[in-house]
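As structure tokens, the structure follows; a few thoughts come after it.
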Amino acid sequence: MIEIALGVLLIFGVLAVVSGVGALIPGASGIDVLPLLGYGGTAFLLAIGLLLIAAGIARRAIARHPERRLSVRTVRLTTVALLLIAALAIGLPLAAEPANLMRLQGLPLGYYLAAQGALIGLVVVAFAWAARQNRIEAAEGGHE
């Protein structure tokens, strides 16, 4: 339940940043966080909020229906893997921008970080997903 509450609070915070509510808070003197985060950063925080809500819903479903534990755990694992892939797609270009100040073999370092980091990250997520799924199936006694 705590994951759902934290996810909702994070989503409301992101919506407040995007709508520019910081200028309406008394004593805040017009704080605007959007230029600091950018739209990519706000999308990343929004994805984390959605991940927290999905994790809370899955945890509640496991507690309520123990006979569907395997399928709910598999769905939760797949959701986390897909959100990690989305975080790679959004986060790597954001992290690569400051690295463009340095060059590697005549090309910006950010290019290598985004191109090679995405491939390496995707392979790591795929192998971690497969290993975790094997552990889930071994613990639950195989397929339903």
Checklist (1) more than 27 Å from ILE2 (Cβ to Cβ); (2) surrounded by 14 or more Cβ atoms within 10 Å (Cβ to Cβ) applied to LEU84, failing item: (1)
Residue match in segment 60-80 (condition: under 21 Å from GLY41 (Cα atoms) and not β-branched (Val, Ile, Thr)): no
Meets criteria (polar (S, T, N, Q), in contact (Cβ under 8 Å) with a residue 40 or more places away in the chain and exposed (fewer than 15 other Cβ atoms within 10 Å of the Cβ)) for THR78: yes
Check on GLU144, modelled with pLDDT under 80, assigned to a loop (DSSP other than H, G, I, E, B) and either out of contact with any Asp or Glu (no Cβ under 6 Å at 6 or more places or on another chain) or not small (Gly, Ala, Ser) (or both): yes
Segment 106-133 residues that are in a helix (DSSP H, G or I) and open to solvent by less than 80 Å² (accessible area, probe 1.4 Å), paired with ones that are among the hydroxyl-bearing types (Ser, Thr, Tyr) and at pLDDT below 90 (beta carbon under 8 Å, 6 or more apart): GLN133/THR74
Residue in segment 124-138 that is in contact with a helix residue (DSSP H, G or I) (Cβ under 7 Å, 6 or more places away or on another chain) and under 22 Å from LEU45 (Cα atoms) present: yes
Candidates LEU119, LEU101 - the one that is farther than 24 Å from LEU6 by Cβ and out of contact with any strand residue (DSSP E or B) (no Cβ under 9 Å at 6 or more places or on another chain): LEU119
Matching option when the condition is outside any helix (DSSP H, G or I) and either at pLDDT below 80 or loosely packed, with under 13 Cβ neighbours inside 10 Å (or both), among GLY41, GLY27: GLY27
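The values are calculated or read from the model by the stated rules, or taken from the named source; none is laboratory data. This is a predicted model, so every value here is computed, not measured. We place every Cβ from the backbone using ideal geometry, glycine too, and count neighbours over all the protein chains shown. In case anyone asks, the SASA skips ligands and DNA or RNA and just uses the protein heavy atoms, side chains included. Shrake-Rupley method; radii C 1.70, N 1.55, O 1.52, S 1.80 Å.
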